[in-house]
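Worksheet: the structure to be examined is printed underneath.
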Amino acid sequence: MRLETGSEALRRALQGRLPPAACLITGPGREALARTMAAALVCTASKDPDQVPCLRCAACRRTLEGHHPDVTEAFPDPKKNRYLIENVREWRADAWVRPHEAERKVYLFHDVRKMPPLSQNVLLKVLEEGPPYAHFLLLADSPEAVLPTIRSRCVRFTAASAEEAGPSPEAAEAAEDFFRRLTEKDELRLIAWAAALESDKLSRDLMRDILLALLDRLHRALREETPLTDRQLLAVIALAETLAEQCDYNLGAAHCAGRLAAACWEVLHE
């Protein structure tokens, strides 16, 4: 599972491989990001992942307007205020019908916290063994809205609102500083970075933003020449993803910063 944020993460998800079959999208901007992702999956303008979604072709426009034949929007039953198991079974069966126009079919499940566990298990079967052209975007206010078995099969995206998009200058600066010290492979400078953040009474929200900014920087580094190997970069990416996810729960910010510095030092000397 990967924790991602923003359009840069969307391009990475589409670049160089098949897009993820299932995505769990949380955060205040999840509706907008889900529609953008759906448009990217059916966009006909270009095969270049850096050029999709174009938001101008007929496929993109129809997706954004909500009437592309290969993009299905699923909602809880309005009378029961929850997803009915028979409806989830219908969507699961429909996924095996080949697309009408696009190369892919996309299913947007809105407010999946209203999907009971039994219905989620029905959906799980198609997430595990669905056709390669079917993609499922699950929208929720928090990751806990879905079963652990569902979460484990999803690439996770955290979507900021338009006002919150992108890291704060403070978070971006701290992430860049950490990355610079990481490439220097200096244990004392890594520890000093964590200590400086601890002395500033770092908030959990800011620590999480720093980790998300660091993830963006690390992914860019995979396409650049750095003193770090790809294996080291991927190990630090996995570590930052785990810590960012734990910041949503009860991991203290200072503890998180210390763990990041110590664990990265171990990665550099494995």
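The values are calculated or read from the model by the stated rules, or taken from the named source; none is laboratory data. Small disclaimer: the values here were computed from a predicted structure and weren't measured. Here the Cβ is made from the backbone with ideal geometry for all residues, glycine too, and neighbour counts use every protein chain on show.
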For segment 111-151, how many residues are part of a loop (DSSP other than H, G, I, E, B) and without any contact (Cβ under 8 Å) to a residue 60 or more places away in the chain?
6
Quick one: which helices (runs of 4 or more DSSP H) lie wholly within segment 177-270 and hold at least 3 residues that are of a type outside the set (D, E, K, R), closer than 22 Å to residue 156 by Cβ and in contact (Cβ under 8 Å) with a residue 12 or more places away in the chain?
204-221, 230-246, 253-268
Subset of segment 49-75, residues within 20 Å of the chain's Cα centre (by Cα) and modelled with pLDDT under 80, comes to 49, 50, 51, 52, 53
